[in-house]
Amino acid sequence: MTHRKRDALAVFGTGALLGLIALANYAVNRPGTFGLNYRVYHVAAEAALAGEHFYAATPPNSGFHYLYPPATVLAFLPSALFESWVPGFVAMTLVSGLASAVATRFLAGYVESLGYSVGRAERALLFAFLLASAHSAPSLAYGQVNHVLVAALVAGVVWLARDREARAGAALALPAFVKVFPGLVGLWLLRRRAWRAIGAAVGTAAGLTALGLLAFGVDTTRTYVVDALIPRRETAAFVGGLPADRSFVTLRRPLSVLFPTVDPTWYAVGAAALLAPVLAALYWRVETTTDRHVAVHGTLVAMVLAVPSLLLYYAYTAVSLVVLLYDLPAGRGRRVFVAGALVANLSMSFRTLREAVRTAPLDPGTAQTILDALLPIFRFGTPVLYGSLLTLAGCLIYRVESGALSVPDSFGASVFEHDS
């Protein structure tokens, strides 16, 4: 078995195993988790079908509201034909499985086009990783739309790599339209000067916005912007330092802990300032296919770390993560990258860790000692954040090893030493 296959199987296998454990935990200890988000889609569809204000609709004993653009509720109208949300949730689960199968086909096909073989076991584990990894399992349980959006992102990135820009732009517009933050992938489109893809993305988003206006009017669109979109900034959560229990993966967390008295707006500025030089380095002298892959990975990771995204949004980095597990050459960069991918599979907040430690067969004193030792680590970040940063470090080390970031010194030698 080559090191590429070994690394890929390790990441896919551990991610899927941890995801299955999470799903089992939901089933045994928190059965109410299943369909948590889909119930919101269901009541929103019922309200829309009845001509009512669907952003105000909320499931019983929930308090959650619909958060997506008006046009998206049209996709859930068939759910309103049933009195119960369960048939729609089952359908959503099947759609998520289909989306993961499509993403698996895209990724395996693209990896093989690079000259690497992807066997049946790898494809099976890749599908399991995309469907039910520790990052995807919550979306699957909640009845979320993330699997579909991740599949669209995968298709868009692969089509872009194959110079099918119009298709790529339309596909990339879907997750950006629904979730907003994936729109930061536009940085890579600008770097590539993929004008047709940019035009297709803008046109697709504009068309979907117009559809929402025609179907529900200006007032509903205004409500979406004011009551759903703007509050997604989660500014208040970072005041005084984000608590360790909150399941965010963002560079704003450590900044809020280090500078708890600063206006939270500056955390966004700080995160951007930290990520900008990393992206600049990965975008510098992009000459090879692998250079493009690490640049895409840098874009996707920065996309997740710059905004107050939840742990489950790490799944949006899957396309470049999977490709680089095969394409990144042997060396220190690859070792750091794979280590980061494995660490990031531990998708948990301090609250999750506390629950796991307290249910483990440990005496209370030992359990508390473990929690006290790990609390400072989780206060500054989650394993997903640390793992993400390691994958970025691996990409940077690869660029140094490849000579792309080498700068001649006065003696004509490279300032950065790298393996030949």
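The values are calculated or read from the model by the stated rules, or taken from the named source; none is laboratory data. Quick caveat, the model's predicted, so the values are computed rather than measured. With ideal geometry, Cβ positions are generated from the backbone for all residues, glycine too; neighbour counts draw on all protein chains shown. Just the protein is used for accessible areas: all its heavy atoms, side chains included, with ligands, DNA and RNA removed. Shrake-Rupley method; radii C 1.70, N 1.55, O 1.52, S 1.80 Å.
What the phi angles of region 51-65 give under the Karplus curve with 6.51, -1.76 and 1.60, with θ = phi - 60°, is a coupling list of x, 9, 7, 6, 6, 9, 6, 8, x, x, 6, 10, x, 8, 10 Hz, glycine and proline written as x.
Short-range pairs are left out: with C-alpha atoms under 8 Å and at least six residues apart, the relative contact order of region 39-127 is 23 percent.
To the nearest 0.05, how large is the calculated FRET efficiency for ASP219 and GLU355 if R₀ is 56 Å and r is the Cβ-Cβ distance? FRET efficiency, ASP219 to GLU355: 0.85. If you sort the three axes of the alpha carbon gyration tensor as a ≥ b ≥ c, you get a/c of 1.5 or more for region 212-321 and a/b no higher than b/c, which makes it oblate. Need one number: the % of Cα-Cα pairs in the chain sitting beyond the 28 Å mark. Counting pairs separated by more than 28 Å, the tail of P(r) holds 51 percent. Think of the chain as a dipole: +1 on every Lys or Arg Cβ, -1 on every Asp or Glu Cβ, centred on the Cα centre; then among PHE238, LEU405, MET303, LEU405 lies furthest on the positive end. A simple rule links phi to the HN-Hα coupling: the Karplus curve 6.51 cos²θ - 1.76 cosθ + 1.60 with θ = phi - 60°, which for region 32-45 gives x, 5, 5, x, 4, 7, 5, 4, 5, 4, 5, 5, 5, 5 Hz, with x for Gly and Pro.
In terms of its C-alpha gyration tensor, region 251-397 comes out oblate, because a/c is 1.5 or above while a/b does not outweigh b/c.
Rolling a 1.4 Å probe over the protein heavy atoms gives the chain an accessible area of 45 Å² per residue. Summary: within the chain, the longest segment free of trypsin sites (Lys or Arg not before Pro) located in DSSP loops with at most 15 other C-beta atoms within 10 Å is 1-161. Assuming charge only on the beta carbon of Lys and Arg (+1) and of Asp and Glu (-1), the dipole of the chain about its Cα centre is about 460 debye to the nearest 20.
Expressed as a whole percent, the accessible area of the chain that falls on carbon and sulfur atoms is 66 (1.4 Å probe).
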